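Contents: one structure, followed by commentary.
The values are calculated or read from the model by the stated rules, or taken from the named source; none is laboratory data. Note that the structure is predicted; figures quoted are calculated from it, not measured. Positions of Cβ are generated from backbone atoms using ideal geometry, with glycine treated the same way; all protein chains shown enter the neighbour counts.
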């Protein structure tokens, strides 16, 4: 805490107590340079982290909504709850790192899809089918074909007798 009298940033807390309103902590501090005392208040940061939906609406970031989607996508797949929590942790960190405290859901979906793709292709396709809102079966099939092509090892050219 910067001293309001001399600008020094080193101080010691002399006294701490709950403020009268009950929503903050009042701290009496003593500057280690000039020796003067001053009061600071500590409050909980109550501005929620927000996500911006496709239609432009804003709503509070909700881990449980992501978990619900991940649980549906990974149903009957060999994916643990801890692995799903790890994905959600990455998404939550991404939201918390935003300077304006909000992120579009499209960016969150990309993170989730990238992590699911590494973890389990079936869960990835299930999640993508809802998230990407495929218009028809051909779009869905194109995504499946792309995954299959990525999975196959590249074939080596056969040697001929001339080689």
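List the helices (runs of 4 or more DSSP H) that sit entirely inside region 63-131 and contain at least 3 residues that are modelled with pLDDT of 90 or more, under 22 Å from residue 150 (Cβ atoms) and under 17 Å from the mean Cα position of the chain (by Cα).
81-96, 105-119
Would you check if there is a residue in region 63-79 being surrounded by 11 or more Cβ atoms within 10 Å (Cβ to Cβ), more than 21 Å from residue 108 (Cα to Cα) and in contact with a strand residue (DSSP E or B) (Cβ under 6 Å, 6 or more places away or on another chain)?
no
Which one is modelled with the lowest pLDDT, of the residues in region 1-48 that are touching a strand residue (DSSP E or B) at 6+ places or on another chain (Cβ under 7 Å) and closer than 30 Å to residue 89 by Cα?
Only one residue fits best here, namely 23.
Restricting to region 87-97, and then to whatever is in contact (Cβ under 8 Å) with a residue 24 or more places away in the chain and in contact with a helix residue (DSSP H, G or I) (Cβ under 8 Å, 6 or more places away or on another chain), can you tell me which residue is surrounded by the fewest Cβ atoms within 10 Å (Cβ to Cβ)?
Filtering region 87-97 for residues that are in contact (Cβ under 8 Å) with a residue 24 or more places away in the chain and in contact with a helix residue (DSSP H, G or I) (Cβ under 8 Å, 6 or more places away or on another chain), the one surrounded by the fewest Cβ atoms within 10 Å (Cβ to Cβ) comes out as 90.
Quick one: is residue 58 in contact with a strand residue (DSSP E or B) (Cβ under 7 Å, 6 or more places away or on another chain), farther than 20 Å from residue 150 by Cβ and surrounded by fewer than 18 Cβ atoms within 10 Å (Cβ to Cβ)?
Values: in contact with a strand residue (DSSP E or B) (Cβ under 7 Å, 6 or more places away or on another chain): yes; farther than 20 Å from residue 150 by Cβ: yes; surrounded by fewer than 18 Cβ atoms within 10 Å (Cβ to Cβ): yes.
Yes: the conditions hold for residue 58.
Strands (runs of 3 or more DSSP E) wholly in region 5-60 with at least 3 residues that are over 23 Å from residue 97 (Cβ atoms), assigned by TED's automatic domain parsing to the domain that holds residue 95 and free of Cβ contacts under 8 Å to residues at least 12 places away in the same chain - which ones?
Numbers: elements: 11-18, 24-31, 37-43, 50-52, 58-60.
Output list is empty.
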